[in-house]
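All of the numbers you see were taken from the coordinates with simple rules; none came from a lab. Fair warning: this is a prediction, and the values are worked out from it, not measured in the lab. Cβ placement follows ideal geometry from the backbone for every residue including glycine, while neighbour counts extend to all protein chains displayed.
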Amino acid sequence: MATLIISALYWIIIITYILISLFIIYHIAKYSINPVIKVFSLTLFSIVAGGLLISNLALFESVNWSSLTSGMF
């Protein structure tokens, strides 16, 4: 049961992260003055945000939550 709660809260955080990233991408694309800097900024932000998301998902999935929370409840 605790594993389900932790997973649900984690996915809420991940969805929030994705929505905020899309908000940032929209504003970079919409309000950049220089087109060359816009492409560079979008590329850099997308690579870094995607890398952070993938590494976070991998680390979260590597934790054995059932054994970690077995003593709590």
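The figures follow:
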| quantity | calculated |
| --- | --- |
| Between 0 and 90°, nearest 10: helix 35-62 axis offset from the chain longest Cα axis | 10 |
| Exposure proxy order (Cβ contacts within 10 Å, fewest to most) of Y10, Y26 | Y26, Y10 |
| Exposure proxy ranking, count of Cβ atoms within 10 Å, fewest first, for K30, K38 | K30, K38 |
| Order of Y31, Y17 under a 10 Å beta carbon neighbour criterion, fewest first | Y31, Y17 |
| Region 8-34 residues near the modelled S41 label - backbone nitrogen below 19 Å, point 7 Å along Cα→Cβ | 19-34 |
| Cβ-derived FRET efficiency at R0 35 Å, I33 paired with N64, nearest 0.05 | 0.10 |
| With Cα atoms, 0 to 90° folded angle of helix 2-31 axis to the chain main axis | 0 |
